[in-house]
1. Give the range 121-138 a look and list any residue that's within 11 Å of the chain's Cα centre (by Cα) and of a type in the set (S, T, N, Q), or say none.
2. If we keep just the residues of the range 46-97 that are among the aliphatic types (A, V, I, L, M) and over 20 Å from residue 131 (Cβ atoms), which is farthest from the chain's Cα centre (by Cα)?
3. Search the range 65-77 for residues being assigned to a helix (DSSP H, G or I) and not β-branched (Val, Ile, Thr), and hand back the single one that is surrounded by the most Cβ atoms within 10 Å (Cβ to Cβ).
4. Within the range 38-56, take every residue that is acidic (Asp, Glu) and in a loop (DSSP other than H, G, I, E, B) and give me the one that is modelled with the lowest pLDDT.
5. Test of understanding: among 63, 95, 100, which residue is at pLDDT 95 or above, of a type in the set (Phe, Trp, Tyr) and under 20 Å from residue 31 (Cβ atoms)?
6. How about the range 78-111: which of its residues are in contact (Cβ under 8 Å) with a residue 60 or more places away in the chain and surrounded by fewer than 13 Cβ atoms within 10 Å (Cβ to Cβ)?
7. Output the residues belonging to the range 112-138 that are of a type in the set (S, T, N, Q), at pLDDT below 95 and surrounded by 15 or more Cβ atoms within 10 Å (Cβ to Cβ).
8. Taking the options 14, 100, name whichever one is assigned to a helix (DSSP H, G or I), under 28 Å from residue 137 (Cα atoms) and aromatic (Phe, Trp, Tyr).
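The values are calculated or read from the model by the stated rules, or taken from the named source; none is laboratory data. Since we're looking at a predicted model, the values are computed, not measured. Note: ideal-geometry Cβ built from the backbone for every residue, glycine included; neighbour counts use all protein chains shown.
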Amino acid sequence: MDTIIQSLAGLDNFALYFVISVAFLFVFKIVYAMVTPHDEWKLVKEEQNVAAATGFGGALIGFAIALSGAASNAVSIVDFALWGVIAIVAQSFAFALLRFTFMPKIAERINNNEVSAGIMLAAMSVAVGLLNAACMTY
């Protein structure tokens, strides 16, 4: 019984970090929607746009990877929140980098449901999320 109680000793910290993480996912969705010139939710929900779903799904996964790095390396809740904000900025920068350098017509291509564009956006988002998480190990 003592082993179970000891194992659950960190449950309050888990719950706090988890709730903040889920809140960050919602914040990221809002920020990402403001950064992208296309409306992912409309494209996915109303038009069943696979390119938008793939790109946005990759962006969420990339952000979650970065956020997990922040949670793993944080020394406090404030530290975690600060690095969570930095992760949002870095992931938003990834979209801007792709849009303004490598694929200037990415938004148009996603609006046109070009799956290859959605895959490239997802790949860039996951790659940046991995790098973001790795760079948070200080």
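1. The answer is 125, 132.
2. We begin by selecting, within the range 46-97, every residue among the aliphatic types (A, V, I, L, M); these are 50-53, 59-61, 64-67, 70-71, 74-75, 77-78, 81-82, 85-90, 94, 96-97.
If we keep only those that are over 20 Å from residue 131 (Cβ atoms) too, we end up with 50-53, 75, 77-78, 81.
Working: 50: 18, 51: 17, 52: 15, 53: 14, 75: 21, 77: 19, 78: 19, 81: 14 Å.
Filtering first and then ranking leaves 75.
3. To start, the set of residues in the range 65-77 that are assigned to a helix (DSSP H, G or I) comprises 65-73, 77.
The next check asks that each one be not β-branched (Val, Ile, Thr); those that pass are 66-73.
Details: 66: 31, 67: 27, 68: 15, 69: 21, 70: 24, 71: 20, 72: 12, 73: 14.
Taking the candidates together, the pick is 66.
4. Start the filter on the range 38-56 by keeping residues that are acidic (Asp, Glu), which leaves 39-40, 46-47.
When the remaining residues are screened for being in a loop (DSSP other than H, G, I, E, B), the result is 39, 46-47.
Numbers: 39: 84, 46: 93, 47: 93.
Of everything passing the filter in the range 38-56, 39 is modelled with the lowest pLDDT.
5. Details: 95 fails: at pLDDT 95 or above; 100 fails: at pLDDT 95 or above.
Only one candidate passes the filter, namely 63.
6. 96
7. So in the range 112-138, the residues of a type in the set (S, T, N, Q) come out as 112-113, 116, 125, 132, 137.
Still in the running and at pLDDT below 95: 125, 132, 137.
Answer for the range 112-138, where residues must be of a type in the set (S, T, N, Q), at pLDDT below 95 and surrounded by 15 or more Cβ atoms within 10 Å (Cβ to Cβ): 125, 132.
8. On inspection, the qualifying residue turns out to be 14.
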